[in-house]
Amino acid sequence: MLMIPEPVFSAQSTDWKRSLSESFRTIQELLEYCELDVNCVDQGSEAGFPVRVTKYYASLIEKGNPQDPLLLQVMPDSQENQRVEGYSLDAVGDISAMTVPGLIHKYHNRVLLTVTSACPVHCRYCFRRHFPYSDARLDTKVDSPVLNYLAAHTEINEVILSGGDPLMLSDRKLSELITRLNDIPHIRYLRFHSRLLSVLPDRVTDSFIQTLHQFNGKVTLVTHINHPEEISVLNQHAFKLLSKQGFQLFNQSVLLKGVNNNSNTLVKLSYKLFDSNITPYYLHKLDKVHGAAHFDLATDQTCKIYSLLLQSLPGYLVPKLVNELTGRLSKTPVQCI
Ligand SMILES: *Cc1c(COP(=O)(O)O)cnc(C)c1O
Ligand code: SF4
């Protein structure tokens with residue numbers, strides 16, 4: 001039985017839902033807020049993937065700068081509509097690896113659950129932007145196929161909650177899921193992959209922390225931060241709070257042209273993560289998903305940046321440079337030399 005520590009944060013558990021409901025949902029709203037002229041940004045149609053940005057994330061965008069690296073991650077671009085050879089709807093083979101609806105079992109001892117289709121921000125480079133969530137609806141009722149699968153596969157020791165963004169679920173829903181996972185003794189590790197942690201810091205409430213403490217094993221949180229400007233005092237406070245509660249924090253980034261494709265930016269990011277008690281984990285090459293080709297970077301440029309990272313950072317702050325390739329049994333390290 002884990003000790004539940006004294007509450008340390010006083011935010012109400014309903015506040016984050018209100019913040020979320022105040023998100024920007026149109027190009028117009030976002031441009032106005034960023035003090036940008038409609039004509040100075042090369043907008044595309046949203047093509048079934050509408051704009052979505054929390055006010056908090058938008059507040060970190062530099063006003064009047066159409067090239068702001070945070071803005072570029074969330075603003076539709078006309079290049080998204082171009083068909084590019086080699087880019088597909090299911091870039092990483094997730095659909096074929098969906099063993100049970102909502103459960104992706106690609107790697108031997110860890111499975112990924114798509115617990116929701118909802119996200120607090122819509123990232124234009126997202127590899128799941130075309131994911132058929134309606135076919136992946138997760139059912140975690142007692143005796144559901146997902147829970148039966150987890151119970152039957154004793155090689156699985158880690159469950160990864162993903163989506164969409166798993167922290168879009170209410171604490172009550174998370175708590176129900178954790179209770180079910182606690183019934184399966186070989187599930188010893190619970191991991192969250194979440195962009196919400198950094199774009200909606202008021203999600204980290206007392207109730208959330210206590211919900212995480214309900215898990216019988218070890219809890220890991222993987223943030224998705226691509227640029228140092230995405231870290232402010234507010235979310236840094238939330239990260240440190242989680243880390244002090246004994247949760248392990250890692251970060252994964254995607255290498256994105258125009259956003260973070262230079263070593264200075266990535267070095268700064270690693271140090272800022274370190275100062276937030278987050279360890280850099282992965283630096284992903286872009287998944288080749290239709291609509292995201294304009295963010296891609298050639299391998300020689302990627303390797304040039306990575307070799308500068310190795311020279312400028314202590315080894316423990318260098319993220320692993322990886323690719324996710326269909327059919328592989330783990331992420332694939334990018335071979336640079
Ligand atoms: C990335 C990923 C994981 C986790 O891989 P790690 O190398 O353990 O971080 C697990 N399952 C799927 C389907 C993934 O895409
Ligand atoms: S939060 Fe993650 S899943 Fe959601 S749009 Fe962004 S990259 Fe995709």
* Asked: When ligands, DNA and RNA are left out and all protein chains stay put, how many square angstrom of accessible area per residue does the stretch 84-332 have with a 1.4 Å probe?
  -> 40
* What do you reckon, how do SER194, SER170, SER21 stack up by accessible area (1.4 Å probe), largest on top? -> SER21, SER170, SER194
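What shape does the stretch 86-130 have by the C-alpha gyration tensor, where a ≥ b ≥ c are the square roots of the eigenvalues, rounded means a/c under 1.5, and otherwise prolate means a/b greater than b/c and oblate the rest?
On the way: a/c = 2.21, a/b = 1.33, b/c = 1.67.
Verdict is oblate for the stretch 86-130.
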* Taking the alpha-carbon centroid of each part, what is the distance from the stretch 77-135 to the stretch 263-311 in angstrom? -> 21
* **Nitroxide proxy distance, nm - points 7 Å out along Cα→Cβ at TYR316 and ALA118** => 3.8
* Give me the distance in nm between label points sitting 7 Å out from Cα along the Cα-to-Cβ direction at LYS257 and LEU234, one decimal. => 3.3
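When only Cα pairs under 8 Å and 6 or more residues apart are kept, what is the percent relative contact order across the chain?
Numbers: 624 pairs, mean separation 61.3, N = 337.
Reported relative contact order: 18 percent.
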* Protein accessible area in the chain, 1.4 Å probe - carbon and sulfur % -> 51
* **³J(HN,Hα), Karplus 6.51/-1.76/1.60, whole Hz, each residue of the stretch 19-25, x for Gly, Pro** => 4, 5, 5, 8, 5, 7, 10
* Structure fact -> Quick calc, the chain, dipole around Cα centre from Cβ unit charges on Lys, Arg (+) and Asp, Glu (-), nearest 20 debye, gives 800
* So what are the ³J(HN,Hα) numbers for the stretch 183-199, from phi and the Karplus equation (6.51, -1.76, 1.60; θ = phi - 60°), rounded to whole Hz, Gly and Pro as x? -> 6, 10, x, 7, 7, 9, 10, 10, 10, 10, 9, 9, 8, 4, 3, 8, 9
* **Residue (of SER175, THR299, HIS193) at the positive-pole extreme of the stretch 84-332, dipole from beta-carbon charges** => THR299
* Past the 25 Å Cα-Cα mark, which pairs from LYS63/LYS272; LYS106/LYS320; LYS173/LYS331; LYS55/LYS218; LYS218/LYS320; LYS17/LYS320? -> LYS173/LYS331; LYS55/LYS218; LYS17/LYS320
* **Ratio Rg/Rh [Cα only; Rh per Kirkwood] for the stretch 165-288** => 1.00
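Counting helices only, and only those DSSP H runs with n ≥ 4, report the 222 nm mean residue ellipticity of the chain as the sum of -39,500 (n - 2.57) divided by its residues, in deg cm²/dmol to the nearest 500. Working shown, then result.
Values: 11 runs with 96 residues, N = 337.
Taking each H run of at least 4 residues, the total per residue is -8000 deg cm²/dmol.
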* To do: Pick out, from PRO145, ALA91, SER253, the residue whose Cα sits farthest towards the positive end of the charge dipole of the chain, with +1 on the Cβ of Lys and Arg and -1 on the Cβ of Asp and Glu.
  => PRO145
* To do: At a temperature of 37 °C and a viscosity of 0.692 mPa s, determine how fast the stretch 265-313 diffuses translationally according to Stokes-Einstein, using the Kirkwood radius over alpha-carbon pairs as Rh; express D in µm²/s, rounded to the nearest whole number.
  => 265
* Taking every DSSP beta bridge that has both residues in the chain, what percent is antiparallel when rounded to the nearest 5? -> 20
* Asked: With every protein chain left in place, what is the accessible area of ASP300 in Å² (1.4 Å probe, nearest 10)?
  -> 110
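Take the alpha carbon gyration tensor of the stretch 243-337, find the square roots of its eigenvalues, order them as a ≥ b ≥ c, and report rounded if a/c is under 1.5; if not, report prolate when a/b exceeds b/c, else oblate. Walk me through the numbers on the way to the answer.
Working: a/c = 1.70, a/b = 1.36, b/c = 1.25.
Taking the square roots of the gyration eigenvalues as a ≥ b ≥ c, the stretch 243-337 is prolate.
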* **Packing rank of 83-92, 113-122, 183-192, where each peptide gets the mean count of other beta carbons within 10 Å, highest leading** => 113-122, 183-192, 83-92
* Structure fact -> Expressed as a percent, the portion of alpha-carbon pairs in the chain spaced more than 37 Å apart is 14
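The values are calculated or read from the model by the stated rules, or taken from the named source; none is laboratory data. Every value quoted in this text rests on a predicted model; they were computed, and no experiment measured them. Quick reminder, even Gly has a Cβ in these numbers, built from the backbone with ideal geometry, and neighbours come from all protein chains shown. Protein only, heavy atoms only, side chains kept; ligands, DNA and RNA dropped before computing areas. Shrake-Rupley method; radii C 1.70, N 1.55, O 1.52, S 1.80 Å.
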